[in-house]
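Take a look at the structure set out below.
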Amino acid sequence: MPVIEVEGLQKLYGDFPAVQGLSFQVGPGEVLGLVGPNGAGKTTTIRSIAGIIIPSAGTIRIAGHDLARDPVRAKAALAFIPDEPHLFEYLTVEEHLRFVGRLYGVADVRQRIPGLLEEMDLTEKRASLPGELSRGMKQKLAIACGLLHEPQALLLDEPLTGLDPVGIRRMKATIMRRAAAGAAVMLSSHLLHLVEEICTRLLVLQRGRVVAFGTTAEIIARRPDLGSRSLEDVFLDLIGQDEGAEL
Amino acid sequence: MIRMFGYLAWRSAYNRTARQARHLRSPRYVAALLLGLAYLWFVVLAQRPAPAADLADPRWLELVGALALLGAVAWGWIFGVERRVLAFSPAEVTFLFSGPVSRRGLIQFKLLRTQLLILFNALLWTLILSRERFGVSPWLRVISIWMLLTTLSFHRLGASFVRTSLAEHGRLGVRHRVVSLVVLGVVLVALTWSIGEALPRFAGADARTPIGFLSALGEAAAQPLPTALTYPFRVMIRPLTAHSVSDWLQALWPALILLVLHYIWVVRSDTAFEEAAAALSLQHAQALSERPAGRQVRWAGRRVSAPLIRLAPEGWPAGAILWKNLVAVTRTQRLRNVGLALAVGGVVVTALSFEPEGTLAEIAGWFAVTWAGAMTVIGPQWVRNDLRGDLLKLDMLRSYPLRGGSVVIAEVGASALVLTAIQLSLLVIGYLAFLGNQSMEPSLQDRTLLLVAAFAFLPGINLLGMIIQNGAALLYPAWVRLGSGRPAGVEALGQNMLMMLVFVALLGVTLLPPVAIGGGVFLLLHGIVSRWAAIPATTLVLGIMAFEAALLVNWLGGVFERTDPAAAGIG
């Protein structure tokens, strides 16, 4: 049974369609990469699925719960991690986790915190306020908050922004570990090598519409004219910026 | 260079206003604008001038105004003016600090930018005061208010330089700012001595009536030292109270000279500025990257205190938001200072109240009770650990598994609790201050009943007040300042005053049904059960307030769930 189900998703801002006619599913253990140029509708899609934006049309179900009809249960099953970490100025690292634990009703929050802090390399910073953390550490804390309640659906918007090489490697491992544990993961990124490496399927968006959907091999196979060119070349061709590849 | 600064300040202000005006496509914003304009018309412009008999005596206006200014300026020097006064935006730091711009040029930019706000507020004040008949004409009044606000703003900036220089550089800072510090020291000593000399004048029974108090104040202020101390402040006020154009022109020159002297003082502070503003603005920029319109984070190297309340892992989920907001309060320097001042004040006042004269305790008592009352209208703008701070993180709030109503009640509950705690502490201090006074009216028994009534009603009144303030932020996020900071200082006094008047009107409308129904029941039953009628009346008032609060929270919860962060301009 799919964890994330999107059917006919549309979001209009006035007359401008940010996203239109989007339908897809993400099952347990899958990692779906959302790629596209700036303004393609990636963030709108992820934020609609996270329940932040109300779609103009379409239905979204998370773990079988309709997001519009039963938003509390649907949101309890997901975690959204934005590209810019939004942290509370006066809560320490550990208090952020306790705060999130209460929101999601995590009874064994005390037992979970040490492991998460260790995984995110934040143990030494457990008593620090966000103002004392670097950009990368803040991002790790936001990720730790998202993982605390072991969500069935994990939504990450540009998850590697601000991380150092070690952080990037750890982050990739974390995402893959969660997927292996049965979570449905959906991430948006501009980093094509990242999506190629960890995503099981790709959804390529252009001006709010799907221009390609499937595994990397499937997408490349649909364009035999491009031969054995890289994902980057295929991506640029799909979004109509092929001349860029020639530069 | 000035043209470049002017361009930046003007275009930024223009584009900001145009962006806010674009929201007028929404009927909700149009309705708010029309209501606001109608309110201004009926309350301010359509009113006839106050009859001549009601005119306040310009001498009293000048004296009270000068003392108020003196108090505000002294407070700023002793307890610190807002360091934000020095801060530049991250973009200004990036472009101006690294660009070929002198420090003096940056100060001039800072002054120029503040001018737009001051001009706007001078116009607002002229509107607000248009009913009063002191002063000459509206145009001259705008100029008078502009000069007053500008001088005070320059003073605030100069004081910031001195204080920051001292804080950052200790002994070296003292050497740099020796003239300012000597002047400040002399003024503070003279002020303390003058207050000590004046106190006996207020001890007499005559000083307990408003007229007697003003007379005692006038006598005290007429002594040579207080006259010298209040002179600069009288000079600032005089153009406002002048009766004719010739009086106004006569009063204008000293005020203008004072303004120019302040300008020179501030512009010559470029060394202090170099030391203070750059570092502070960079800190500010760092804080802004943490939270777009927030206050500075000054925690580096400081141990974080443990939260006063423990958060259980299970329970009402929105309780986490309430807890988070209360923890933030205990860690905010300003509110911690308030808590400390209340605790110390309480102990001192209690000790003094049993002295034979008890005058000092009673002055402190009146001060505490007056502040507790004023906090009902000022407090909801001042305590902002609620949706007004958290709406900037609307993305995160919306992704939590909570109903909109739960988020709203948790957010407003936190700030209502804090405000109520401050007010009740002030009232307890006031109660203790008069404990030793057996001859006072109302009697001790009545005072006790009033205190109990405050404990019963204030939480509900504050909850409704906070719902109104948060409702405004939720309904009009593009027009309401979000973040824990708000426009502060003399520059923004006019707009804060206007907001407060609108708030008072709305709070009055909200409190009308419970007060009318509860009061009616009390009057009806009083003849039958005497003072016991207060019990059903109080229950009814509290019940109606709770019902109103539930209705409003439910409605605002729906608004929260429907608010699109991007469309509202906060995503």
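Each reported figure results from applying straightforward, stated rules to the coordinates on display, with no laboratory input. Given the structure is predicted, the values throughout are model-derived calculations rather than measurements. All Cβ positions, even for glycine, are placed from backbone atoms using ideal geometry, and neighbour counts span all protein chains on display.
Counting only DSSP H runs of at least 4 residues, each contributing -39500 (n - 2.57), and dividing by the residue count of chain A, the helix-based mean residue ellipticity at 222 nm comes to -10500 deg cm²/dmol.
Angle of helix A:93-103 to the longest C-alpha principal axis of chain A, folded into 0 to 90 degrees and rounded to 10: 80°. Of the trypsin sites (Lys or Arg not before Pro) found in region A:100-148, no site is in coil according to DSSP while having at most 12 other Cβ atoms within 10 Å of its Cβ.
Computed from label points 7 Å out along Cα-Cβ, the spacing between A:Asp164 and A:Glu118 is 2.2 nm.
From the alpha carbon centroid of region A:25-65 to that of region B:525-571 is 38 Å. Ordered by the number of other Cβ atoms lying within 10 Å of each residue's own Cβ, fewest first, B:His155, A:His149, B:His526 fall into the sequence B:His526, A:His149, B:His155. Dipole of region A:133-247 computed with +1 at Lys/Arg Cβ and -1 at Asp/Glu Cβ about the Cα centre; of A:Gly162, A:Thr216, A:Phe235, farthest Cα towards the positive end is A:Gly162.
Considering only A:Ala77, A:Phe88, A:Leu116, the residue lying farthest towards the positive end of the dipole of region A:72-195 is A:Ala77, judged by Cα position with unit charges set on Cβ.
From most to least packed by mean Cβ count within 10 Å, the peptides B:416-424, B:250-258 give B:416-424, B:250-258. Can you flag which of A:Lys125/B:Lys393; A:Lys140/B:Lys393; A:Lys42/A:Lys125; A:Lys172/B:Lys324 are past 28 Å Cα-Cα? Violating the 28 Å limit, Cα to Cα: A:Lys42/A:Lys125; A:Lys172/B:Lys324. Residues whose amide H lies under 5 Å from that of A:Val210, counting only those 5 or more places away or on a different chain, are absent; hydrogens are built 1.01 Å from N in the peptide plane. Between A:Thr215 and B:Ser12, how many nm apart are label points set 7 Å from Cα along the C-beta direction? So the label points at A:Thr215 and B:Ser12 sit 5.4 nm apart. Residue by residue along B:25-38, Cβ atoms of other protein chains within 10 Å of the local Cβ number 0 on average.
Residue by residue through A:96-105, how many Cβ atoms from other chains fall within 10 Å of the Cβ on average?
6
The mean count of C-beta atoms from other chains within 10 Å of the C-beta of residues in B:396-409, rounded to a whole number, is 5.
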